[in-house]
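What follows is calculated from the coordinates using simple rules that are stated; it is not laboratory data. Keep in mind the model is a prediction, meaning the values are calculated, not measured. For neighbour counting, all protein chains shown are included, and Cβ atoms are generated from backbone atoms with ideal geometry for every residue, glycine included.
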Amino acid sequence: MLRLKHATDPRWADLVGKDIEEVLTDHAYCEQKAASTAISMIVKFPEYPELVQEMSLLAQEEMDHFKRVHDIIVARNLKLGRERKDEYVHELLGFLKKDGSRIVQLVERLLFAAMIEARSCERFRVLSEHIEDLELAAFYRELMASEAGHYRMFLQLARKFGKPEGLDVDARWAEFLAFEAEMIQRFEKSARIHG
């Protein structure tokens with residue numbers, strides 16, 4: 001379903017299992033950034049009512065996920081550390097086209113978000129199947145389904161907005177997948193969601 005070109009090595013879950021506080025902190029900020037991204041899309045593209053509706057719901061859901069991750073941190077007497085720079089997201093941002101119409105820019109942002117959600121979904125699956133912490137395995141199994149829904153929503157919106165403009169969204173998505181497959185191989189060495 002995700003069509004990712006490079007699968008995460010299941011041994012990545014071992015890194016996570018050895019540094020739960022790090023991955024939970026990183027995950028919490030990933031959820032917060034996802035909510036911020038949804039709000040940013042509303043601010044940048046307010047003329048699209050369907051987009052505004054979807055992003056409003058998404059921002060609420062992502063902040064709920066942030067709270068749930070934070071609740072786990074508190075329950076385990078861990079601390080939410082400072083925000084970490086997400087090199088994966090930063091590098092993926094560099095792949096976006098910087099020119100073109102507003103629709104091109106919107107489609108690029110939607111595909112960018114779909115890519116992040118797809119990889120997050122895949123990482124959550126790996127954790128749900130390979131981490132020894134049963135509470136976290138169940139938690140990530142639940143969130144995996146949510147991320148899959150977000151991925152599909154972003155991709156569907158990109159296709160919907162791109163089609164009337166004659167944009168070949170599927171071809172551009174294939175370029176995203178190829179770029180990300182090369183890139184992700186450098187990001188399996190730390191206890192972070194995209195690490």
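Figures for the structure shown
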{"item": "Listed residue pairs exceeding 20 Å between alpha carbons, taken from Lys5/Lys85; Lys67/Lys160; Lys5/Lys189; Lys44/Lys97; Lys18/Lys189", "result": "Lys5/Lys85; Lys67/Lys160"}
{"item": "Net charge of Cβ neighbours under 12 Å - reference Glu108; Lys, Arg +1; Asp, Glu -1", "result": "+4"}
{"item": "At R0 = 22 Å, FRET efficiency that the Cβ-Cβ distance of Gln105 and Val43 yields, to 0.05", "result": "0.95"}
{"item": "Tensor-based shape of the stretch 82-161 (alpha-carbon gyration tensor, a/c under 1.5 rounded, otherwise prolate or oblate)", "result": "oblate"}
{"item": "Set of the stretch 133-148 residues, backbone N closer than 17 Å to the point 7 Å along the Cα-Cβ line of Ser56", "result": "none"}
{"item": "Between 0 and 90°, nearest 10: helix 20-44 axis offset from the chain longest Cα axis", "result": "20 degrees"}
{"item": "Residue list for the stretch 12-34, given a label point 7 angstrom along the Cα-to-Cβ vector of Glu188 and an amide N cut-off under 16 Å", "result": "12-17"}
{"item": "Derived scalar couplings ³J(HN,Hα) [the stretch 152-157; Karplus, 6.51 cos²θ - 1.76 cosθ + 1.60; whole Hz; x for Gly, Pro]", "result": "4, 4, 5, 5, 5, 5"}
{"item": "Residue with peak Gaussian network fluctuation, the chain [Cα springs, cutoff 10 Å], from Leu78, Leu155, Leu111", "result": "Leu78"}
{"item": "Residue-wise HN-Hα coupling along the stretch 112-125, computed from phi with Karplus coefficients 6.51, -1.76, 1.60 (Hz; x: Gly, Pro)", "result": "4, 5, 4, 5, 5, 5, 4, 5, 4, 4, 5, 5, 5, 4"}
